[in-house]
1. In the neighborhood of residue 324, defined by Cβ-to-Cβ distances under 13 Å, what is the net charge if each Lys or Arg adds +1 and each Asp or Glu adds -1?
2. What does the net charge come to around residue 431 if you take all other residues with beta carbon closer than 11 Å to its beta carbon, with K and R at +1 and D and E at -1?
3. Within a 10 angstrom radius of the beta carbon, how do 298, 247 rank from fewest other beta carbons to most?
4. Sort 151-164, 423-436, 86-99 by the packing proxy (mean of other Cβ within 10 Å over each peptide's residues), most packed first.
5. Applying the Karplus parametrisation 6.51 cos²θ - 1.76 cosθ + 1.60 with θ = phi - 60° to the phi angles of region 125-142, what ³J(HN,Hα) value in whole Hz is obtained for each residue in order, glycine and proline being reported as x?
6. Please give the charge dipole size of region 24-354, origin at the Cα centre, charges +1 on K and R Cβ atoms and -1 on D and E Cβ atoms. Round to the nearest 20 debye.
7. With a 10 Å Cβ neighbour count serving as the proxy for reagent exposure, in which order, fewest first, do 211, 222 appear?
8. When the chain is fully extended, how far beyond the present Cα-Cα distance does residue 229 get from residue 166, taking 0.36 nm per residue of separation?
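What follows is calculated from the coordinates using simple rules that are stated; it is not laboratory data. Here the structure is a predicted model, which is why all the values come from computation and not from measurement. Every residue, glycine among them, receives a Cβ derived from its backbone with ideal geometry; neighbour counts consider all protein chains shown.
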Amino acid sequence: MKKICYLFLFLCIGVSLQAQKLINTDYVVNVLKSRKNDLISVCAHRGYWRENGVPENSLKAIQRAADNQIEMVELDIKLSSDQQPVLMHDWNLGRTTELGMGRNELVNKWPNGALQSLRLKDKNGNLTNEHLPTFRQALSYIRDHKIAIVVVLDIKDALTARICWEIINEGGGWANAWGTPARRWVIFKMNAPVFPTTDNLEHTLDPVHSTRDLLYVPVYTTNMVDKINCIDHYKHFRRTKYFVSAEVDIKQRNGIQGDVMTQAWVDDHATCCFNAIPDAGGNRFYKANGECCYTLSELYYTAKSGQRDTDDRRGSWQFLTDIGIRWITTDEPINLINDYLSQRNIGFRNTSYYYSNGGRVAADSPQEDSLDNSQDKMVLSNIGTTESNSGISIYPNPASDFVNVKFVSNATGKFQFEIFDLNGKPVLIQQQMVMKGSQDVRIPVKPAITTPGIYIMTITSADQSMRRSFKISIVK
C-alpha cells in the first residue's frame, strides 16, 4: 500500500460572526492547503468587475466581491516610479484609466501621487469616480470596512514582493474583520522562476519579516518547462511552511506540466488554474500592455522535449473540474458559482468549511506544540509503535464529527483504525475496507471521544506491513 497522504479532522461548532455571513479567512487558506471533494474555491480575478461602474483592480471591485460572498480576490501589483505598489494589471495605463490608449504610458514612469489622481474605467470603457488605488489603500479599505476576504497578489518580480511584504508587516499588520493580520490572508502568487529556490525567496523576504508567516503560491505555465525544472521546484517548495498550493496552468489533458498537476493531486492540495475567458471580445485577449489583442493559440508552447501545446481548454469549467482543479481564478465568479458549481449533482460549493469555529488544528498548532518530543515518544511507546508523522496537517470540517483519512492506494485491503489517549489507553477501535485509488475514509469519533485534547491515531494494514501514527487534536 502507498503511504497515507493526509489526515483531516472533522469536529467543530458555529461562531458568533457566522450570522453576519463572514467567511473565516484562516479556514479558506486551510482549504487551499488541503482540497475538499465537495468544494471548489473561487477567486475573483482583478476583483469582481463585471458590473457597470466597477473597474477592475479597484476598491469597489474588492467590495463587490465581498458583497457577493466570494472568498478570494486576485489583485495585480505594479510599482510606481518611486517604488510604491499600486493595483494595476497592465504594464501601461491606457486601457484602464482616463489616459486612454493615446497616452498608453508605463505605470513605472509615473510617481505614486500622480497615479492616484487617475480615474479608472469600467468594463465598457466608461470613466468612473474610482481612482487608481495603492496596495496600502486596499489593505486600509479591507480593515476599515471590516471585510473578510482572502487576497491573492499577482506579483511579477522579487523587488515588488519584498516591498509588499514590508507593507503587510507594517504596524498592526492590517487586521481584517476578524482581527486577523494581513500576513494570514494575503497570498503571494508568483511565477516559479522568480524564486528558483527557497533560499532565493527567504534571502529576499526574511530580512523584512520571517517567511514563517508568509503564504506563497508558485505558478507553473507551459512555457516555463524549459526555464526551470518545474517538478523539482514544486517538490522543493512544498516542504516549506509558507507553501499553500500551486497554480498549474495546464491547457489540455496529458499536457505540459501534467507531472506537476499529478503530484499536487497526490499531495492533496487544492490546485489552482486560471479560467481563460476572453476579455477583449470574441476569442481575443488584451495584451499585457493593454493593446489589442492575441488569441490563446498564439501562445502555444513547444518544449525542447518535443511535448507541445495543441489546445487550450482552460476556458471550460468542466475541463478544469474534471482534471482535478479545486481552485479556479476567473473573471466570471458569480456565473461560475451559480450556473455551474452549485448546479452539479455532486455539488462543488459546500462553503460550510469557511464558517466553522473549530480553529486551525495543524502541525504548528499551539495545542500540538505543547507536546515535546519526549512525550510524543512515550505515548507512541505506550501504543506499541515508534513511527510517527507529527508534520501531518489536520484541518477542521464543520459538517460532522468525523476524522476523515485521505488514502491513495494501489490495492484494496482492510485497515484497522485506533485512537489512543495520552496514557496509551485505546478509546476507539474500528476496521474498514479501503478500495484501490484515491478516497476518503470517515471514522466517527463520537460518542467514543467527548473530551477535547491531544490524541494519537494509528492506522494499520491487515497484514501489518504498513503502520502509521499521527497526533490529532480534538477541539470543541
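1. Details: positive: 35, 36, 253, 326; negative: 267, 268, 322.
Once all neighbours under 13 Å are counted, the net charge is +1.
2. Numbers: positive: 414; negative: 418.
The answer is 0.
3. Numbers: 298 8, 247 26.
The order, fewest Cβ neighbours first, is 298, 247.
4. 86-99, 151-164, 423-436
5. Along region 125-142, the couplings run x, 7, 6, 10, 8, 7, 9, 4, x, 8, 5, 4, 5, 5, 5, 4, 4, 5 Hz.
6. Numbers: 39 positive and 40 negative charges, 48 e Å.
Computed charge dipole of region 24-354: roughly 220 debye.
7. Details: 211 21, 222 24.
Ascending number of Cβ neighbours within 10 Å: 211, 222.
8. Numbers: separation 63, 0.36 × 63 = 22.68 nm, distance 2.96 nm.
Roughly 19.7 nm would be gained on extension.
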